[in-house]
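Written out below as structure tokens is the structure these notes cover.
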Amino acid sequence: MGTITTTLTITGSNILSDTLNLSVSDDLRAVTEPLEFARVSVLHTAPTILQAASTGTYYLYVKNIGTTGNRAVDIGIADDPVFASLAKDEFCFIPMKNNVGIELLARLGTEVVEYAYFKKNTGEG
């Protein structure tokens, strides 16, 4: 088993009356195989399946690294509506519910995404 350390930092000015400065970190323990880190071309004509519904409980990372304009890639649960849309250079990190399949679909043309998933050890989440 391994540990993944995550950090989310959000900063900004002229958004609120005070400067925005939020930083949260966590050590996600008990990560085990299978795990995967890869790039995939995502079509707009048919969904690209990242995870089968029987995968178990896992952490999912997806980043749209497409190079064609600012085309979005939608993220959805298999056979269900889209729950997120990533514009070029946007990313997400999601602790997924047990046995949920994930699909990607480019809105136009073909886009490239990088993704990773890390399986939680049985008994975690």
* Structure fact -> Filtering the stretch 67-89 down to residues that are assigned to a loop (DSSP other than H, G, I, E, B) and loosely packed, with under 15 Cβ neighbours inside 10 Å yields THR67, THR68, GLY69, ASN70, ALA78, ASP79, ASP80, PRO81, ALA87, ASP89
* To do: Would you please name the residue that is nearest to PHE118 (Cα to Cα), looking only at residues in the stretch 41-53 that are β-branched (Val, Ile, Thr) and surrounded by fewer than 14 Cβ atoms within 10 Å (Cβ to Cβ)?
  => ILE49
* Asked: Is at least one residue of the stretch 111-122 over 24 Å from ILE4 (Cα atoms) and not in a strand (DSSP E or B)?
  -> no
* Residue selected from the stretch 4-36 under the condition among the β-branched types (Val, Ile, Thr) and surrounded by 10 or more Cβ atoms within 10 Å (Cβ to Cβ), by the criterion farthest from the chain's Cα centre (by Cα) -> THR19
* Structure fact -> Wholly inside the stretch 1-65, strands (runs of 3 or more DSSP E) that include 1 or more residues that are closer than 24 Å to ASP80 by Cα are 20-42, 48-51, 58-64
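Only one residue in SER41, SER13 is in contact with a Ser or Thr (Cβ under 8 Å, 6 or more places away or on another chain) and closer than 25 Å to ILE77 by Cα, so which one is that?
Values: SER13 fails: closer than 25 Å to ILE77 by Cα.
Only one candidate passes the filter, namely SER41.
If you check LEU22 against the conditions, is it at pLDDT below 85 and either of a type outside the set (S, T, N, Q) or closer than 19 Å to THR6 by Cβ (or both)?
Working: at pLDDT below 85: no; either of a type outside the set (S, T, N, Q) or closer than 19 Å to THR6 by Cβ (or both): yes.
When the stated conditions are applied, LEU22 does not pass them.
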* To do: Output the qualifying pairs, or none if there are none: Cβ atoms under 6 angstrom, residues six or more apart or on different chains, first residue in the stretch 52-64 and closer than 18 Å to ARG39 by Cβ, second residue among the hydroxyl-bearing types (Ser, Thr, Tyr) and modelled with pLDDT under 90.
  => LEU60/TYR117
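The values are calculated or read from the model by the stated rules, or taken from the named source; none is laboratory data. Note that the structure is predicted; figures quoted are calculated from it, not measured. Note that we place each Cβ from the backbone using ideal geometry, even for glycine, and neighbour counts take in every protein chain shown.
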